[in-house]
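S.K.: Sending over a structure as structure tokens; questions will come in a sec.
Each reported figure results from applying straightforward, stated rules to the coordinates on display, with no laboratory input. On a predicted model such as this, the values are computed, not experimentally measured, just so you know. Glycine also receives a Cβ, built like all others from the backbone with ideal geometry; neighbour counts cover every protein chain displayed.
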């Protein structure tokens with residue numbers, strides 16, 4: 001698995017899809033992933049002395065998009081809060097190639113923005129979520145402090161999306177790749193980047209994995225109800 005600092009030149013091309021202002025917005029945590037890789041520091045009698053590098057990849061649902069960024073754990077930034085699970089409300093801001101996150105229980109996190117993909121309209125915040133987010137993580141835009149008030153809270157309630165219908169029966173495809181952050185397509189639809197767990201309907205599905213500079217991988221995977229199919233892909237470099 002490649003380390004993120006080596007991947008930066010490969011992923012920057014996707015950033016042109018971010019057409020946002022630098023204002024803070026409200027989003028919901030979609031997913032937090034932790035990856036640990038080893039970096040060789042030096043060798044002693046042909047034996048490598050390594051250092052573990054911890055990388056967090058965080059996806060956030062905001063408006064009608066899911067945006068993703070990553071950062072390496074170091075002295076300047078700690079681990080993300082444990083409560084950053086699915087649907088946790090956060091403040092989100094994109095400036096140039098950086099993604100900033102802040103919640104009611106955390107300081108500000110700075111990530112490198114990687115990818116954006118379309119998504120259904122984000123679930124509106126409840127009055128209690130708005131109250132907690134305002135109290136714990138107010139942010140500043142210019143000279144004004146930004147926060148949700150009664151008017152905005154009422155608007156959030158008015159546009160709240162109906163509860164989603166129960167998921168139909170299906171299974172999961174668990175896809176991992178070397179190198180990391182390869183694009184995944186299932187039945188021709190963009191499903192984001194690797195690694196990923198994708199829930200699909202029962203039956204045969206065509207999985208395609210691609211990345212610039214590597215040969216595209218394609219395989220048909222049979223999905224069964226309530227079962228997980230693991231697919232480990234190693235992409236070969238193009239000559």
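S.K.: Between segment 167-239 and segment 53-106, what is the C-alpha centre distance in whole Å?
M.R.: 25 Å
S.K.: If you consider only alpha-carbon coordinates, what radius of gyration and Dmax does segment 55-104 have, in Å?
M.R.: Final numbers for Rg and Dmax: 11.0, 34 Å.
S.K.: Considering Cα pairs under 8 angstrom that are at least six residues apart, work out the relative contact order of segment 171-234 and quote it in whole percent.
M.R.: Reported as a whole number, the value is 42 percent.
S.K.: When ranked by the protection proxy of mean other Cβ atoms within 10 Å per residue, highest first, what sequence do the peptides 37-43, 56-62, 179-185 form? Write out the running numbers ahead of the final one.
M.R.: On the way: 37-43: 10.6, 56-62: 22.1, 179-185: 20.3.
By packing density, highest mean first, the sequence is 56-62, 179-185, 37-43.
S.K.: Let me know the Kirkwood hydrodynamic radius for segment 181-231, please, with Cα pairs as the basis and the value in Å to one decimal.
M.R.: Working: mean 1/r = 0.0876 Å⁻¹.
Computed over segment 181-231, the radius equals 11.4 Å.
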